[in-house]
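Everything on this sheet refers to the single structure shown next.
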Amino acid sequence: MAQDSRFADDLPFKSRIFDHWKDRLPALGILIDWGEPSCWACRFHYGTKYDVKRAGVGWEQILRGWDRIPLQRCHIVPRCLGGANDPTNLFLMCRECHDLAPNTSIPDIFFEWARAQSSEARELSKIRAALSAFGIDDAEAMELEAVLFSKEFEICKSGKLGLHRPQSNYASISYRLTPATLVGLVVYYRRTTAGRDHFTHRRGNSPACPWSRSRPSAGRRRRPSASHR
Ligand SMILES: [Zn+2]
């Protein structure tokens, strides 16, 4: 089973951490799906690659899924405050939550923070920040959202976007497109396109929030953890 960090070689396997916490998380107000590993704080889901694909699989296969998922083993009480490298003091979270989590000697503070995280809300705040950086207000954001799903924008953005390779372990979101990438490109498209009504609108049902459908699969609803054992 692969360990995911050269700085954490003495940490227990993620499957051991999962096994310790799987029945304890609900009491903390945190529900996870055993067969669809996701961040225990923000519920960021890495796609179906790590999911258990079939019903009725063995327990070993579920544990293997948890060992493969690129979640990080995060100390609830940090090492510098005496926290142990033990499943009881480790929590499986995405890289971004690991960077943002509180580092105190009080586990309740950690769990309260974890309960309040949402990858969807976090992504929206990044989108809003990116819109603000380009001086786009709410009304303009709604207009620009229509551009996102136009054929013309699809063609325009081709070859103009990509992932940013991290230069350090602190590049927390480099494995997916940053919201500023898409916002920047759609602003560029609007600025370089004369008129605004000639593109082909392909809007579907009205979204709960502007831009929400443009993101890669990020964040899943918590589902009860029953039925996998
Ligand atoms: Zn997270």
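With label points built 7 Å along Cα→Cβ from the Cα atoms of VAL57 and ALA84, find their separation and express it in nm.
3.1
In nanometres, what is the gap between the two model label sites at LYS157 and SER125, each 7 Å from Cα along Cα-to-Cβ?
Distance between the two pseudo-spin positions: 2.4 nm.
Where does each of 70-76, 114-120 land if you order them by average Cβ count within 10 Å, highest first?
Values: 70-76: 21.9, 114-120: 17.6.
Those peptides, ordered most packed to least, come out 70-76, 114-120.
Where the centre of each part is set by its Cα atoms, how far does region 89-116 sit from region 45-64, in angstrom?
Going from one Cα centre to the other spans 25 Å.
Sorting TRP40, TRP59, TRP34 on the 10 Å Cβ count, fewest up front, what's the list?
Numbers: TRP40 27, TRP59 12, TRP34 20.
Ascending number of Cβ neighbours within 10 Å: TRP59, TRP34, TRP40.
Too long at a 32 Å Cα-Cα cut-off: which of LYS49/LYS157; LYS14/LYS160; LYS49/LYS126; LYS22/LYS157; LYS53/LYS160?
Working: LYS49/LYS157 27 Å; LYS14/LYS160 37 Å; LYS49/LYS126 26 Å; LYS22/LYS157 43 Å; LYS53/LYS160 35 Å.
Long pairs (Cα-Cα over 32 Å): LYS14/LYS160; LYS22/LYS157; LYS53/LYS160.
Every read-out reported here was derived from the displayed coordinates using simple, explicitly stated rules and does not represent laboratory data. Predicted, not measured: the structure shown is a model, and the values here were computed from it. Note that we place each Cβ from the backbone using ideal geometry, even for glycine, and neighbour counts take in every protein chain shown.
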